[in-house]
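Worksheet: one structure, shown below.
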Amino acid sequence: MRIAMVKYNAGNTRSVLCSLNRLGYEAEVTDDPKLLRSADKVIFPGVGEASTAMAYLREKGLDEVLIHLEQPFLGICLGMQLMCAFSEEHDTTTLGMFDVPVRKFVLPPQFKVPHMGWNTLICSEDPFFTHLKGESWCYFVHSYYVEVGPSTIATTDYGPLTFTSVLHKDNFYGCQFHPEKSAEVGTSLLKTFVEEL
Amino acid sequence: MLAKRIIPCLDVRDGRTVKGVNFVNLRDAGDAVELAKVYSACGADELTFLDITATVENRGTFCSLVARIADHISIPFTVGGGIRNTADVAALLDSGADKISINSQAVAKASVIDELALQFGSQCVVCAIDARRNPRFDKDGVEGWEVYVHGGRTPTGIEVVSWAREAYDRGAGEILLTSMEHDGVKGGFAVDLTRRVSSAVGIPVIASGGAGTMEHFREVFAEGMADAALAASIFHFHEIDIPELKIFLAKHGIPMRTRQ
């Protein structure tokens, strides 16, 4: 099993690596298109800001590489938002694997932004969720959210708003929360991604 | 629904936990990693580690501890103590911390908050505020509180709610509000002050200082509008058991992350 993690200026690479190590896997952190194309699984982590991240990916030519990858691909947090079509964060055109926009939270004042902490997933049928049972609590930290669209396979409620917490289309998966920080639920989802998808 | 968070806090000196932590069935109760694993397994939502020596010589020790914690637990954790500049923060985040907390340094030079938020993102910048009652700041029948620094020893002449608001405006992602008045007394959190700070900022507020009973947690969540509550000795000494506390709070209508 060769897992590649996309190397760009994202903050949480180390946490994701630790999480994979606990599952018994190593991952290669790389921006080499050849290594990304030949990996069995690709993980696209992300903590940071959309326009800076996109500028970096374009400069390295990684935008074109990523959208054409054919193996199971998982974007996390900002990684997932970058897989959408457009982000309101500095009005950024993003990679576009999912034809859905990323919006800024606009909520009544008692709902703090960032949406930070543990919240639940409302899941539809998908192989990604095979091993989840009961309530699925996951750890979120984000100020922008993905609208609910045709590729949404799980949603989460925050105040009056329902947003996308997991996306899936073909080989592409994205989750808004941090599986690497979501205790046993997150560990189980990462394990499913690595071993079964 | 977003859950309210329960956060145990561990004081660390030279890479080991202090405050006479009393845990049974631990090979080494002074080992921060072992304790972190225990808390993570019993449902703590997050952890906070404070480096109470925080001398320049000890930075390396603390960073390697942070790296070991990151290797072993899969819940978020914050580290703080003696952070002076962006280089300190970069080292801690690179070691695997999710957030850092700053206190005295932010008061000494408020622009540090802007710099950190810009470079690392607001989500990892926690502004810790130590507060003490000061009648000089009373206004229109509302109790006034003053910001203290250097472990609660030095008064600053700054009013707490306005400082919290400034930290928020400068880009802090969270406020950790400790009432020095209530800390260690176990008579309950500073509910009124917590509510005023929580209403004044658009970011989460962690209440700290004063937890003695499960009811105190209910109060600070329901009436104090806290987003999270932090405590140390009552968890370390098993006076309150985290799973039991969460069941109690959930029964009283406070949204809690429960385990499968």
- Go through the range B:132-156 and give me each residue that's charged (D, E, K, R), more than 23 Å from B:LYS109 (Cβ to Cβ) and touching a residue at least 24 places away in the same chain (Cβ under 8 Å). B:ARG133, B:GLU143
- Out of the range B:219-246, which residues are within 14 Å of chain A (Cβ to nearest Cβ) and not acidic (Asp, Glu)? B:PHE221, B:ALA222, B:GLY224, B:MET225, B:ALA226, B:ALA228, B:ALA229, B:LEU230, B:ILE242, B:PRO243, B:LYS246
- Restricting the range A:177-197 to residues that are of a type in the set (Val, Ile, Thr) and either surrounded by fewer than 20 Cβ atoms within 10 Å (Cβ to Cβ) or in contact with a helix residue (DSSP H, G or I) (Cβ under 6 Å, 6 or more places away or on another chain) (or both), the residue that is nearest to A:ARG14 (Cα to Cα): A:THR187
- Message: What's the total number of residues in the range B:101-142 that are within 14 Å of chain A (Cβ to nearest Cβ), among the β-branched types (Val, Ile, Thr) and surrounded by fewer than 23 Cβ atoms within 10 Å (Cβ to Cβ)?
- Response: 0
- Query: Inside the range B:94-152, can you point out the residues that are among the polar types (S, T, N, Q) and in a helix (DSSP H, G or I)?
  - Reply: B:SER104, B:GLN105, B:SER111, B:GLN119, B:SER122, B:GLN123
- Would you point out which residue out of B:ILE234, B:ILE175, B:ILE240, B:ILE206 is free of Cβ contacts under 8 Å to residues at least 60 places away in the same chain, within 17 Å of A:MET116 (Cα to Cα) and of a type in the set (A, V, I, L, M, F, W, C)? B:ILE175
- Lone qualifier among B:THR78, B:THR86 - being surrounded by 14 or more Cβ atoms within 10 Å (Cβ to Cβ) and modelled with pLDDT of 95 or more: B:THR78
- Collect the residues in the range A:43-65 that are closer than 20 Å to A:ASN171 by Cα and of a type in the set (Val, Ile, Thr), keeping them in residue-number order. A:ILE43, A:VAL65
- Item | Which listed residue is of a type in the set (D, E, K, R) and in contact with a Phe, Trp or Tyr (Cβ under 9 Å, 6 or more places away or on another chain), from B:GLU174, B:GLU166, B:GLU143 | B:GLU143
- Look at A:SER51 and say whether it is within 17 Å of the chain's Cα centre (by Cα) and either surrounded by fewer than 18 Cβ atoms within 10 Å (Cβ to Cβ) or of a type in the set (Phe, Trp, Tyr) (or both). yes
- Message: Condition first: in contact (Cβ under 8 Å) with a residue 24 or more places away in the chain, closer than 23 Å to A:VAL185 by Cβ and within 14 Å of chain B (Cβ to nearest Cβ). Now tell me which residues in the range A:1-24 satisfy that.
- Response: A:ALA10, A:GLY11, A:ASN12, A:THR13, A:SER15, A:VAL16, A:CYS18, A:SER19, A:LEU20, A:ARG22, A:LEU23
- Unmet criterion (only one of (1) of a type in the set (Gly, Ala, Ser); (2) farther than 20 Å from A:HIS178 by Cβ; (3) within 14 Å of chain B (Cβ to nearest Cβ)) for A:ALA55: (3)
- B:LEU176 passes all but one of the listed conditions (1) of a type in the set (A, V, I, L, M, F, W, C); (2) touching a helix residue (DSSP H, G or I) at 6+ places or on another chain (Cβ under 9 Å); (3) surrounded by 14 or more Cβ atoms within 10 Å (Cβ to Cβ); the exception is number (2)
- Note on the structure: For the range A:169-194 the number of residues that are more than 12 Å from every other protein chain (Cβ to nearest Cβ) and part of a loop (DSSP other than H, G, I, E, B) is 3
- Only one residue in A:THR152, A:THR130, A:THR164 is buried (at least 24 other Cβ atoms within 10 Å of the Cβ), out of contact with any Lys or Arg (no Cβ under 9 Å at 6 or more places or on another chain) and more than 12 Å from chain B (Cβ to nearest Cβ). Which one? A:THR164
- Residue in the range A:30-48 that is farthest from the other protein chains (Cβ to nearest Cβ), counting only those that are more than 19 Å from B:ALA90 (Cα to Cα) and either touching a residue at least 60 places away in the same chain (Cβ under 8 Å) or under 16 Å from the mean Cα position of the chain (by Cα) (or both): A:VAL42
- Would you be able to say whether some residue in the range A:80-91 is surrounded by fewer than 19 Cβ atoms within 10 Å (Cβ to Cβ), closer than 25 Å to B:GLY202 by Cα and in contact with a strand residue (DSSP E or B) (Cβ under 7 Å, 6 or more places away or on another chain)? yes
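The values are calculated or read from the model by the stated rules, or taken from the named source; none is laboratory data. Here the structure is a predicted model, which means the values were calculated and not measured. Please note: Cβ atoms are built from the backbone with ideal geometry, for glycine as well, and neighbour counts cover all protein chains shown.
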